[in-house]
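See structure below.
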Amino acid sequence: MTSYIKIVGAALILLMMQGASWAAVKAPPKQMSQETKECVKCHKKNNPGLVQMWGSSRHYGANVGCYECHQADAKDPDAFIHDEKKVKKHISIIVSPKDCSNCHENEAKEMQKSHHSEAGKIMGSLDNLLAEVIEGDNGMVTPGFPDGISAAAVNGCWQCHGSTVKVLKDGQLDPATWPNTGIGRINPDGSKGTCAACHSRHSFSVAQSRQPENCGKCHMGPDHPQIEIYNESKHGIAYRANREKMNLDSSKWIPGEDYWAAPTCATCHMSETKNQPVTHDVGDRLSWNNRPPVSKKQGWVKGTMGWEERRDNMKDVCQSCHEEGWVENWYIQYDGLVEMYNRKFGKPGVKLMKAAKPLMKGPKFSHKLDFVWFELWHHEGRRARMAASMMGPDITHWEGTYDLGKNFYTEMVPELRELIEHGMHGSAADKKAAKNLAKVLDEVLNHDSHKWFLGKEDPKKAAERKKRQADFKARYKKTGGSR
């Protein structure tokens, strides 16, 4: 590793940091610190891969080494003296966003106010109830959890969303909470998140962080299948066909200038455009929140960026490759799907579950209806909305709206009717609740969106659809095709 590499690396670090104000560190070190050199001596012997990753990084080129990132104050809760004989300095295992902010101040600030940094809040959600109680038990006992914790939560939810890292008496970290690179991890210094969730240590490759697979570690599966949607979309297809043209390791990375073959997750949600700087707040360009049972327009929280500004930010990205009319029409299509979901399934579902609650005896998820409704909005509803947002038509339909319709009419409605039937034979309070639920269900099913289920579809619309079906069959009969 030559001095030339160091010089180039330092220049790249400074270029990468353009536009960001520095915090505690005003410039990269002029030479590698003695403390770091001592660290490298041992780790090169014991963990050669780790040292080689760092050696290929821009950090190495800028003389930013082990000690510069891992140094700690003696008063830090996770500080300890790593090697009494050699280094004799306090270090901490965890490098938190607060530590990274010594050089990357703006990036850390953006991260701290982003939804990514709040991902650890899942520990109080339905997902964690499932992992801790329904799926798991308290059989995993550690010093930090003497009464036990669920291994399902530790190995599942926490690895994407983040753990609350517990520090033991000797400065070591509780094994239930570390290792962990969850994006919303609660660190011993009070900061939230981990930069290493996206910028994998110890190479911290910008090219890796820009690839869609990097996000796919967490953004996948039945409840938020963004990587599957991306792979199905025209964007994903173009990316795989033209990966070598993406210029992924370039310091300047503007769509339409430095690359034009395809966008990645980073392109749309974080990276620089000709009009916008890089952002580490991944919500700055999202106008809909499609995670809850009913989609919300972003910007409802006081003091945060508004709906129109977020939407304009994303349109700016789109227009790097698409003309304005295309972008506007696409948003009409996307909004139509989200609003249809809210109107037909989201809002009615919330209303029905509220009416059903007095009749659902026992704890949460002890009733089949709990699971049916949870999967309707949390799995199928999200898949439909998220796939529409990323132009994944097959997932929007067959894994989204089709499953929504099938399970709403053949699972949720029968469960509600059974609740009503049982309630009518119960106590006076049960009978009252059953009558109210029956009334709400009747109102929902008599809405224009659901009338077909009762055999009340508008005759004119039914006739129009039958005519289209007849025309379709006639066309294929002439050509010899069939379906």
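Could you please state, rounded to a whole Å, how far the C-alpha centre of the stretch 354-417 is from the C-alpha centre of the stretch 102-177?
Comparing the Cα centres of the stretch 354-417 and the stretch 102-177, I get a distance of 28 Å.
Take the stretch 343-404, drop everything but the C-alpha atoms, weight them equally and run the Debye formula without solvent; then report log10 I(q)/I(0) at 0.12, 0.16, 0.20, 0.26 Å⁻¹ to two decimals.
Cα-only, vacuum Debye calculation for the stretch 343-404: -0.34, -0.55, -0.75, -1.02.
Over the Cα atoms of the stretch 324-468, compute the convex hull volume and normalise it per residue, giving Å³.
About 123 Å³ per residue, rounded to a whole number.
Enter the accessible area of residue 145 (Å², nearest 10), with the probe set to 1.4 Å and all protein chains included.
40 Å²
Take every Cα pair under 8 Å in the stretch 32-94 that's 6+ residues apart, average their separations, divide by the length, and report that relative contact order as a whole percent.
30 percent.
Which of the GluC sites (Glu not before Pro) found in the stretch 59-123 are loop residues per DSSP with 13 or fewer other Cβ atoms within 10 Å of their Cβ?
Passing sites in the stretch 59-123 are 84.
In percent, what relative contact order does the chain have, based on Cα pairs under 8 Å that are 6 or more apart in sequence?
RCO, the chain: 10 percent.
Cut-off under 24 Å on the C-alpha distance; same-chain residues fewer than 8 positions from residue 89 excluded. Which lysines are left, in chain and number order?
Those lysines meeting the cut-off are 26, 30, 37, 41, 44, 45, 75, 98, 166, 169.
Relative contact order for the stretch 204-319: what is it in percent, counting Cα pairs under 8 Å that are at least 6 residues apart?
Averaging sequence separation for qualifying contacts and normalising by length gives 19 percent for the stretch 204-319.
So how many Lys-Lys pairs in the stretch 200-354 land under 20 Å Cα to Cα, not counting same-chain pairs under 8 apart?
15
Before I look further, what does the stretch 52-134 give for accessible area per residue, probe 1.4 Å, in whole square angstrom?
That works out to 51 Å² per residue.
Three principal axis extents, largest first, for the C-alpha atoms of the stretch 188-293, in Å?
Extents along the principal axes: 40, 33, 28 Å.
Which log10 I(q)/I(0) values, to two decimals, does the stretch 95-203 give at q = 0.09, 0.11, 0.15, 0.17 Å⁻¹ under the Debye formula with one point per Cα?
-0.23, -0.35, -0.63, -0.79
Can you give the helix-only mean residue ellipticity at 222 nm for the chain, where every DSSP H stretch with n ≥ 4 adds -39500 (n - 2.57) and the sum goes over all residues, rounded to the nearest 500 deg cm²/dmol?
One gets -12000 deg cm²/dmol as the mean residue ellipticity at 222 nm.
Is the C-alpha gyration tensor of the stretch 230-373 telling us rounded, prolate or oblate? Criteria: a/c under 1.5 is rounded; beyond that, a/b larger than b/c is prolate, otherwise oblate.
Note, shape of the stretch 230-373 comes out prolate.
With everything on Cα atoms, drop me the angle between helix 3-16 and the longest principal axis of the chain, reported from 0 to 90° to the nearest 10.
That helix lies at roughly 40 degrees to the long axis.
Kindly rank 92-99, 426-433, 71-78, 311-318 from highest to lowest mean number of other beta carbons found within 10 Å of each residue.
92-99, 311-318, 71-78, 426-433
Using packing as a proxy for protection, rank 434-440, 193-199 so that the peptide with the highest average count of other Cβ atoms within 10 Å comes first.
Descending mean neighbour count gives 193-199, 434-440.
Take the Cα coordinates of the stretch 32-94, assign each an equal point scatterer, and use the Debye formula without solvent to give log10 I(q)/I(0) at q = 0.15 Å⁻¹.
One equal scatterer on each Cα of the stretch 32-94 leads to -0.45.
Report the semi-axes of the equivalent ellipsoid for the chain in whole Å, largest first, where each axis is √(5λ) for an eigenvalue λ of the Cα gyration tensor.
48, 31, 18
For the stretch 265-350, which GluC sites (Glu not before Pro) pass both filters: DSSP loop (anything but H, G, I, E, B) and at most 14 other C-beta atoms within 10 Å?
323
Which percent of the accessible heavy-atom area of the chain goes to carbon and sulfur, probe 1.4 angstrom?
56 percent
Please report the accessible area of residue 253 (heavy atoms, 1.4 Å probe, ligands and nucleic acids excluded) in Å², nearest 10.
10 Å²
The values are calculated or read from the model by the stated rules, or taken from the named source; none is laboratory data. For clarity, every value in this text was computed on a predicted model and none was experimentally measured. So basically every Cβ, Gly included, is an ideal-geometry build from the backbone, and we count neighbours across all protein chains shown. Just the protein is used for accessible areas: all its heavy atoms, side chains included, with ligands, DNA and RNA removed. Shrake-Rupley method; radii C 1.70, N 1.55, O 1.52, S 1.80 Å.
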